[in-house]
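Taking it in order: structure first as structure tokens, then the write-up.
The values are calculated or read from the model by the stated rules, or taken from the named source; none is laboratory data. Being a predicted model, the structure only gives us computed values, none of them experimental. Cβ: placed from backbone, ideal geometry, glycine included. Neighbour counts: every protein chain shown.
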Amino acid sequence: MLSLERAKVTSGSACLQAQMLERISPPSVDAFQRCYVAARRPVVLKGMIRDWPAMRRWSLDYLRTAYATTPVVTLRAESGRVIMNSETGAVEERMQLREFIGAVHAGVNDRYLTSRMSALPKSLRRDTPLPMYCAGASWHNSNLWIGPAGTIACLHRDLADNLHAMVSGRKRFTLVAPRQGSLVYPNGLFDSFPNGCRVDIECPDYSRFPKLRGVETVVAELEPGDAIYIPRRWWHHARTLAVSVSVNFWWASGLQRVIVLLADTIKRVRGISR
């Protein structure tokens with residue numbers, strides 16, 4: 001169950017009371033499937049990736065040197081918040097990895113690296129093996145994420161189950177259950193960001209979005225080695241608290257796999273980047 005501990009999340013003049021997410025040691029695959037995936041119940045898995053080679057190797061300096069000319073995809077941001085174009089969604093920009101990490105070292109906070117692991121060198125993928133919890137799925141995908149402190153991924157939801165694992169740095173995730181989706185004013189199906197919403201969960205504007213007062217949030221802070229399981233359709237917002245490197249894994253099977261692939265195809269046809 002969710003922890004009974006309460007957390008006060010403050011951003012500017014806004015103050016939200018949030019429940020802290022349960023933290024457990026990684027269970028067996030069967031127990032994880034039964035208690036969390038089948039129940040659509042988020043959880044933090046403490047130290048899930050502590051044995052990954054990436055945990056030993058992936059300093060920013062190592063990545064900058066060993067993969068200097070590797071092309072990566074970044075999203076343009078303003079004051080850490082990803083910019084959403086009214087027609088195409090997030091604004092992508094391609095560059096070399098050393099260029100991006102150089103900007104992070106210089107204190108620049110106008111981009112968020114988010115590259116498909118399948119497009120990166122195999123040696124990077126070997127450092128981040130597929131977690132046992134999603135290995136049996138008929139479809140899975142993964143992304144590399146690198147961002148400076150203050151980087152924000154606004155509140156959104158995914159159609160696939162998600163494990164987000166911290167290699168270095170710290171992130172705070174704020175989650176909202178699917179049953180409360182109408183309270184966060186979700187974007188329309190034909191919006192440029194159809195899986196997003198109109199509210200800022202950190203600075204709620206109750207005059208514009210009065211239903212937001214009824215939202216119950218769940219908060220988790222990830223340390224290096226931790227992973228968070230975010231069930232499909234759960235709303236989630238992420239704030240990077242310290243320069244961080246992380247890798248996430250989406251997975252789906254059966255009908256859900258068909259839905260995920262269809263949604264991705266529709267986005268490509270419409271020219272939506274994310």
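The table for this structure:
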item: Enumeration of residues in the stretch 228-273 that are closer than 15 Å to residue 142 by Cβ and buried (at least 19 other Cβ atoms within 10 Å of the Cβ); result: 228, 229, 230, 245, 246, 247, 248, 249, 250, 251, 252, 260
item: Scope the stretch 94-127; condition out of contact with any Pro (no Cβ under 8 Å at 6 or more places or on another chain) and β-branched (Val, Ile, Thr); matching residues; result: 101, 114
item: Whichever residue in the stretch 39-75 is within 19 Å of the chain's Cα centre (by Cα) and small (Gly, Ala, Ser) and, among such residues, is surrounded by the most Cβ atoms within 10 Å (Cβ to Cβ); result: 54
item: Strands (runs of 3 or more DSSP E) enclosed by the stretch 137-240 - at least 2 residues per element that are among the small types (Gly, Ala, Ser); result: 139-147, 161-176
item: Filter result (in contact with a Pro (Cβ under 9 Å, 6 or more places away or on another chain), closer than 23 Å to residue 145 by Cβ and modelled with pLDDT under 90) within the stretch 188-224; result: 194, 195, 196
item: Strands (runs of 3 or more DSSP E) fully within the stretch 1-94 counting 3 or more residues that are at pLDDT below 95; result: 6-11, 14-20, 71-78
